[in-house]
Amino acid sequence: MTSNVSAVGERVGEFYDQLVGMFDASLYGPNIHVGYWNSQEDSTTLEDAADRLTDMMIARLGIGAGSRVLDIGCGFGGPAIRLAQRTGAEVVGISVSRKQVEKANELAEAAGVSGKVTFQYGDAMDLAFDDGSFDAIWMLESVMQMPDRAAALAEAARVLRPGGRLALTDNYEREEISEERRPVIENILQRYLTQPPASFETYPAMLRQAGLRCTELLDVSESTTKQSVRRLGEAMAQNMEQLASKVDPEVFNKLKPAEGENMEMPELGYLIATARRPETA
């Protein structure tokens, strides 16, 4: 692992360590991924919409009791715990944020699943697991913060057993970004340590190069990010004082939208990709 790649992981870990206080005031509950709404009129809460997306991803893994699942970029552990509760699978979650790992293990113990769900510090670019260790892997909004998508996917494929499934969500460039808008979008992405968007058209090829066969590529932008940004902005405005009290003021001021700033990025889409590791090379 090069020093540059390692440095990116360290920065992301430090970033989430600084934000861990928001766990107690999370508008998504024990989740830090977007929600899924069935329509513009759908009044589902942020937390329930995030759980709905989690359930969609659980269905794509096709696992059950006795399966072993790796959650790469586990956040606070809410999705992993939900997966274990709904399927009976054993789940191992990793994060580059040590404070996230600590909170996630506390949450698993409180939920009574610490025997089935464990969390540990780990870097997706250099996984500390043997080849073929897992029946399924998911990456919920984590691959977009990794310094090299292709390398991260190849490493995931390495620890996935032949025939095992990978499910992930990612940003992609849905519309051409104009020269005027590019610095605006880059500024927002950099504030959240998010890499430039992927390409929808080349995603299957990227998965194939990693040793995986794409079985589904779905654009869910209209039901996810388009709605989440607007609804989260409204919820943050209503809970600004509570959120500010949980995070270092300097960090909070850096991340919160400036007065009049529009955080919507219609040029970026949101995809779900499902892939399988072939039984034979």
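The values are calculated or read from the model by the stated rules, or taken from the named source; none is laboratory data. Remember, it's a predicted structure, so these values are computed and weren't measured experimentally. Every residue, glycine as well, gets a Cβ built from its backbone with ideal geometry; the counts of neighbours run over all protein chains shown. Just the protein is used for accessible areas: all its heavy atoms, side chains included, with ligands, DNA and RNA removed. Shrake-Rupley method; radii C 1.70, N 1.55, O 1.52, S 1.80 Å.
Worth a mention:
- Normalising the Debye intensity of segment 45-113 to I(0), with uniform scatterers on Cα atoms only, and taking log10 at q = 0.20 Å⁻¹ returns -0.81.
- Separation in nanometres of the label points that stand 7 Å from Cα toward Cβ, at Ser178 and Glu109: 5.4
- For segment 18-155, the Kirkwood radius over C-alpha pairs fed into Stokes-Einstein at 25 °C and 0.890 mPa s yields D = 161 µm² per second.
- Spin-label pair Asp17-Glu186: with each label point 7 Å from Cα along the Cα-Cβ axis, the two points sit 2.9 nm from one another.
- Within the chain, DSSP assigns beta bridges of which about 45% are antiparallel (rounded to the nearest 5).
- Charge dipole of the chain about the Cα centre (unit charges at C-beta), most positive-ward option of Val12, Met263, Gly115: Gly115
- Percent carbon-and-sulfur accessible area, the chain, ignoring ligands, DNA and RNA, probe 1.4 Å: 47
- In plain terms, the chain from Glu47 to Thr194 could stretch by 50.7 nm, reckoned as 0.36 nm per residue minus the Cα-Cα distance.
- In the chain, lysine pairs with alpha-carbon atoms under 27 angstrom apart (chain gap of 8 or more, or interchain): 13
- Counting DSSP beta bridges with both ends in segment 87-239, the antiparallel % (nearest 5): 0
- Surface per residue (accessible, 1.4 Å probe) for the chain, Å²: 47
- Segment Glu216..Glu241, full-extension length gain: 4.8 nm, with 0.36 nm per residue of separation and the alpha-carbon distance subtracted.
- Globularity ratio of the chain, using Cα Rg and 2.2 N^0.38 Å: 0.96
- Glu10-Ala205 pseudo-label distance in nm [points 7 Å out on the Cα-to-Cβ vector]: 3.5
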